[in-house]
Amino acid sequence: MAAFNDDFNRPDSSNLGSNWVEVSGDWSIISGQLAPDTSGGNTILRAATAMDSSDHYAQFTIAATTTASQGVWCRGDNTLSNGYLWRNNGSSWDLFAVVSGSFTVIGTYTAPAAPGDTARVQAVGSTIKGFVNGTERVSVANTAVTDGANVGLRVMAVPGLRFDDVTAADVTAGTTLTVAASTETAQALTGAKTATLAPAATTDTAQPLTGIKTATLSTVVEEATARPLTATKASALARAQTLEQAMPLAAPGIGPEPGPGFDIAVGPPHSGWTVSAPYTEWEVGPPC
């Protein structure tokens, strides 16, 4: 599929470059915009690049306007004397079928042209359409021109007209196109460079700490509380492996007193007692 675009962003010149064929009149670039001849009559400009098929669209942006005929062309021959033209005359957009230089209106949308408007004409099979600012305004079935791959502009050669951002491209049958918001041109590579990377010449090592930092700890804000036992465990005691016995005293000692005023000493029986007749001279007196 072929495509064409020109934004005219280059120095002022009366030479549009190899992308264009000036069918009639002297066109030029002024302040980054396309300007037609101003000598009167009609002036025609054709893109040097033809589309690949007869099913395509062409579009331009009106940068400045006046009450004058100005339109965009598709499905044209080399001289744009055959094809379809979507043209504004200052008060309405008219869709023309052009055969051998004879113009026939096949559709109309009443509205003046305004700076900033985008206008597009599209031919896919027998369906011919005219768009303004991306909105379809006219759609008709017409078979007056069935072949042609050239696109371009046809305007009156008067002062005050400027155009910008001319685009065109082939269309697949059944595809509805939206308005192009911008165009981008791929830039050619100006060179290439390859290089073999060498091994790393340096290595990094860990760096030691160069300082310390101290801080005063704040008072603890929490206090731990002993937790109660939540369970018990029983265990059977094993039988004692050893027995302890009381040991006898190794030396005499003093035991508990049997009564008041008596000391008891252990020794041989006392032999100072003698047996005699009973004592009969007991005296009775008051109780002690």
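The values are calculated or read from the model by the stated rules, or taken from the named source; none is laboratory data. Because the structure is a prediction, the values reported are computed rather than measured. Every residue, glycine as well, gets a Cβ built from its backbone with ideal geometry; the counts of neighbours run over all protein chains shown. Just so you know, the surface numbers come from the protein's heavy atoms only, side chains and all, with ligands and any DNA or RNA stripped out. Shrake-Rupley method; radii C 1.70, N 1.55, O 1.52, S 1.80 Å.
For segment 1-18, how many residues meet the condition of being open to solvent by 20 Å² or more (accessible area, probe 1.4 Å) and more than 24 Å from residue 145 (Cβ to Cβ)?
Residues in segment 1-18 being open to solvent by 20 Å² or more (accessible area, probe 1.4 Å) and more than 24 Å from residue 145 (Cβ to Cβ): 10 in total.
Of (1) surrounded by 10 or more Cβ atoms within 10 Å (Cβ to Cβ); (2) modelled with pLDDT under 70; (3) of a type outside the set (Ser, Thr, Tyr), residue 163 satisfies all except one. Which? Only one criterion is unmet by residue 163, namely (2). Quickly run through segment 112-130 and pick out the residues that are of a type in the set (A, V, I, L, M, F, W, C), surrounded by 12 or more Cβ atoms within 10 Å (Cβ to Cβ) and over 29 Å from residue 172 (Cβ atoms). Result: 113, single match.
Residues in segment 21-43 that are more than 23 Å from residue 116 (Cα to Cα) and either polar (S, T, N, Q) or open to solvent by less than 20 Å² (accessible area, probe 1.4 Å) (or both): 24, 39. If you filter segment 78-128 down to residues that are among the aromatic types (Phe, Trp, Tyr) and closer than 16 Å to residue 147 by Cα, you find that the one that is nearest to the chain's Cα centre (by Cα) is 84.
Which number in (1) at pLDDT below 95; (2) in contact with a Cys (Cβ under 7 Å, 6 or more places away or on another chain) marks the one condition that residue 83 misses? If we test residue 83 against (1) at pLDDT below 95; (2) in contact with a Cys (Cβ under 7 Å, 6 or more places away or on another chain), just (1) comes out false. What do you reckon, is residue 85 in contact (Cβ under 8 Å) with a residue 12 or more places away in the chain, among the hydrophobic types (A, V, I, L, M, F, W, C) and either in a loop (DSSP other than H, G, I, E, B) or in contact with a helix residue (DSSP H, G or I) (Cβ under 7 Å, 6 or more places away or on another chain) (or both)? So residue 85 fails the test. For segment 135-157, filtered to residues that are of a type in the set (Gly, Ala, Ser), open to solvent by less than 50 Å² (accessible area, probe 1.4 Å) and at pLDDT 95 or above, the residue that is farthest from residue 28 (Cα to Cα) is 148.
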